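To start, the structure under review is shown below, and the notes come after it.
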Amino acid sequence: MSGPSTYVPKSALGRWFESRLPIMGLIHSSFVAYPTPRNLNYWWTFGGILSVMLMVQIITGIVLVMHYTPHVDYAFNSIELIMRDVNWGWLLRYTHANGASMFFVAVYIHMLRGLYYGSYKAPREVLWILGVIIYLLMMATGFMGYVLPWGQMSFWGATVITNLFSAIPLVGEAITTWLWGGYSVDNPTLNRFFSLHYLLPFMIAGVVVLHVWALHVVGQNNPDGVEVKNVARDTVPFTPYATLKDGFAMMCFMLFFAWWIFYVPNYLGHADNYIEANPLATPAHIVPEWYYLPFYAILRAVPSKLGGVVAMFSAILVLCFLPWLDTSKVRSAKYRPVYKVFFWLFVASAVGLGYLGAMPAEGGYVLASRLLAVYYFAFFLIVMPLLGLFETPHPVPASIADAVLKSTHSAKA
Amino acid sequence: MLFIATGAVGAVAVGSVAWPLISQMNPDASTIAAGAPIEVDLSAIAEGAIVTVKWRGKPIFVRHRTPKEIKEAQDVQLAQLPDPQTDAQRVKKPEWLVVIGVCTHLGCIPLGHQGEYEGWFCPCHGSAYDTSGRIRKGPAPKNLEVPSYAFTSDTKLTIG
Ligand code: HEM
Ligand code: FES
């Protein structure tokens, strides 16, 4: 890892240990001495928040498993048992359920930060793609977790999503049977989803290690999008500067999180999931969790089954190609007046798709989804490549120090 | 030589370990056994009614069609159908329509006697089926699937 590794433990025992396993030195160089750009703003605190949320999910999850039964006849009841009989069970479950939503709130902010400040551009392509992999794993984990309470939305959500694979020509049916372990979503499906829901967060943790490793090799981007040129002038040490700023943001985020848990714990869920799964009756409206809604809207915008599925997956996979789709030499949107406008239109289209994904698939809603879906793809496939050629960016500061000092001067003037 | 032999044995080992790991996810013997054929008593199904029975975890619709419904199903021009099939290809006796009650879009259960064609309507993404269970409108690509079945007597039907 980059950053000065001049760490020498103070105690004799520490030095004895360090010469056998230099882990304290690794921690010191990664989280204490590590140089962070001095112009980072609060949008840079969400990586730390995400790490905490992952821990929250793993801890509450492991505890919930102590009381949960993965069987179609008992799953729903065991959840009710957790809510009513287990000491503090309601708190653990509400924390885990709302924690998933907060995890996605944080990841969307974190990703939009990257999109705004051009954090995906060279040399951070691998870092970015690892992020997209984390995001995909999060989606898979969230989906399988929602199946576990075995309510109506669990069952029908699982049915609709696993049926997406039946759109694949020739082998589609065989794949869905294989995923189900039967002829429909049933006990074998619940069992394997439980197994994978336990496994995937640990895989996420593994990819997060790679993600942070890649980050510490190439260094952080920053709001001005210029590389660190002079460590002494452009950066400050991680501790105390980033540690305290991250800590403050984390506490604010935790208060926000607590508000959901204690005041509106069921707002982000769906009432139908408090009805036990019934394979013979589909609820009137199947709505996925809010964080999948934009993609669900894209799925429904395409009037063909295979086409809808392809569009939906492409909407996520296109993120992997951003480093090569964006042709602009300038990283940060701060210096890209035209990109900035298209960026906010993109955010609006994604939010709009999210709204439409929760509406019934008929009439004007479908038309609106089509328009927004077209913009969603056009932003990546047309705007990004062309803008780099046609846009005239504002002059970029020579260094981070120049950017910071200039803005403090003009603020004083 | 030793390298090639090691590599070959290694490839066989990987293959023979991977296959059981993948194959274990397919339906197990008890699931397949529970999917054996079932019998339905037709005498209890009044004209115009749809009875739902569960087979292999899925609903099977057994519909006793009225003469009007049969006529509507037979009169359709094949050119109007996204998945062209005549009514005769889909039934063994015109008054009995037997289909798997799973929308061919993404697997929801369509509601009987509803939608523009009064066959079925799927509330999930708005697919409409006619009285022969054929897709007429909406995102579903195919007609409701017809399971294998046989009339064992005038009042008995075996599905599977
Ligand atoms: C569990 C999920 C994730 C965790 C725990 C995580 C963690 C982190 C941490 C600790 C940082 C450093 C602090 C910061 O700059 O914010 C970081 C940076 C970064 N992450 Fe993530 N991340 C996650 C998901 C993602 C996703 C989904 C993406 C994008 C698709 C992404 C893209 C990036 C990029 C590009 C950076 C470098 C940012 C920069 O310095 O400008 N991350 N991540
Ligand atoms: S599942 Fe029936 S229309 Fe989508």
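The values are calculated or read from the model by the stated rules, or taken from the named source; none is laboratory data. Keep in mind it's a predicted model, so treat the numbers as computed, not measured. Methodologically, a virtual Cβ is constructed for each residue, glycine included, from the backbone with ideal geometry; neighbour enumeration extends over all protein chains shown. In case anyone asks, the SASA skips ligands and DNA or RNA and just uses the protein heavy atoms, side chains included. Shrake-Rupley method; radii C 1.70, N 1.55, O 1.52, S 1.80 Å.
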Elements of type helices (runs of 4 or more DSSP H) contained in the stretch A:61-152, each with 3 or more residues being among the polar types (S, T, N, Q): A:89-117
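Of the residues A:VAL126, A:VAL132, which single one is surrounded by fewer than 21 Cβ atoms within 10 Å (Cβ to Cβ), modelled with pLDDT of 95 or more and either within 14 Å of chain B (Cβ to nearest Cβ) or within 7 Å of ligand 1 (Cβ to nearest atom) (or both)?
Exactly one residue qualifies, and that residue is A:VAL132.
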Answer residue from the stretch B:87-137, given it is more than 8 Å from chain A (Cβ to nearest Cβ) and without any contact (Cβ under 8 Å) to a residue 12 or more places away in the chain and is farthest from ligand 2 (Cβ to nearest atom) among those: B:GLN89
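From A:GLY145, A:GLY182, A:GLY157, grab the single residue that is away from ligand 2 (no atom under 16 Å from the Cβ) and more than 22 Å from B:GLY35 (Cα to Cα).
Going through A:GLY145, A:GLY182, A:GLY157 in turn, the sole match is A:GLY145.
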Failed condition for A:LEU280, given (1) under 30 Å from A:ALA75 (Cβ atoms); (2) at pLDDT below 95; (3) out of contact with any helix residue (DSSP H, G or I) (no Cβ under 7 Å at 6 or more places or on another chain); (4) in a helix (DSSP H, G or I): (4)
Subset tally (residues that are within 30 Å of A:TYR108 (Cβ to Cβ), in a helix (DSSP H, G or I) and open to solvent by less than 50 Å² (accessible area, probe 1.4 Å)) for the stretch A:10-47: 5
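For the stretch B:85-104, check the following and say yes or no: at least one residue is part of a helix (DSSP H, G or I), surrounded by fewer than 23 Cβ atoms within 10 Å (Cβ to Cβ), over 18 Å from the mean Cα position of the chain (by Cα) and polar (S, T, N, Q).
Within the stretch B:85-104, not a single residue is part of a helix (DSSP H, G or I), surrounded by fewer than 23 Cβ atoms within 10 Å (Cβ to Cβ), over 18 Å from the mean Cα position of the chain (by Cα) and polar (S, T, N, Q).
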Helices (runs of 4 or more DSSP H) lying entirely in the stretch B:1-84 (those with 2 or more residues that are open to solvent by less than 70 Å² (accessible area, probe 1.4 Å) and under 27 Å from B:CYS108 (Cβ atoms)): B:67-75
Any hit, the stretch B:46-55, residues being within 14 Å of ligand 2 (Cβ to nearest atom) and either within 14 Å of chain A (Cβ to nearest Cβ) or free of Cβ contacts under 8 Å to residues at least 24 places away in the same chain (or both): no
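Confirm whether B:PRO141 is crowded, with 19+ Cβ neighbours inside 10 Å, within 12 Å of ligand 2 (Cβ to nearest atom) and at the interface with chain A (Cβ under 8 Å from one of its Cβ atoms).
Considered against the rule, which asks whether it is crowded, with 19+ Cβ neighbours inside 10 Å, within 12 Å of ligand 2 (Cβ to nearest atom) and at the interface with chain A (Cβ under 8 Å from one of its Cβ atoms), B:PRO141 comes out as no.
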Close pairs (8 angstrom Cβ cut-off, 6 or more residues apart or separate chains): more than 14 Å from chain B (Cβ to nearest Cβ) and open to solvent by 30 Å² or more (accessible area, probe 1.4 Å) in the stretch A:48-71, modelled with pLDDT of 95 or more and within 11 Å of ligand 1 (Cβ to nearest atom) anywhere: A:SER51/A:VAL208
Single residue of A:TYR198, A:TYR146 found to be hydroxyl-bearing (Ser, Thr, Tyr), touching a residue at least 40 places away in the same chain (Cβ under 8 Å), in the same structural domain as A:ALA100 (by TED's automatic domain parsing) and buried (at least 22 other Cβ atoms within 10 Å of the Cβ): A:TYR146
Hits in the stretch A:363-398 - residues which are charged (D, E, K, R) and closer than 15 Å to A:ALA315 by Cβ: A:ARG370
Long-range neighbours under 8 Å by Cβ, at least six apart or interchain, first residue more than 9 Å from chain B (Cβ to nearest Cβ) within the stretch A:172-186, second part of a helix (DSSP H, G or I): A:GLY172/A:PHE165; A:GLY172/A:SER166; A:GLU173/A:SER166; A:ILE175/A:PHE165; A:ILE175/A:SER166
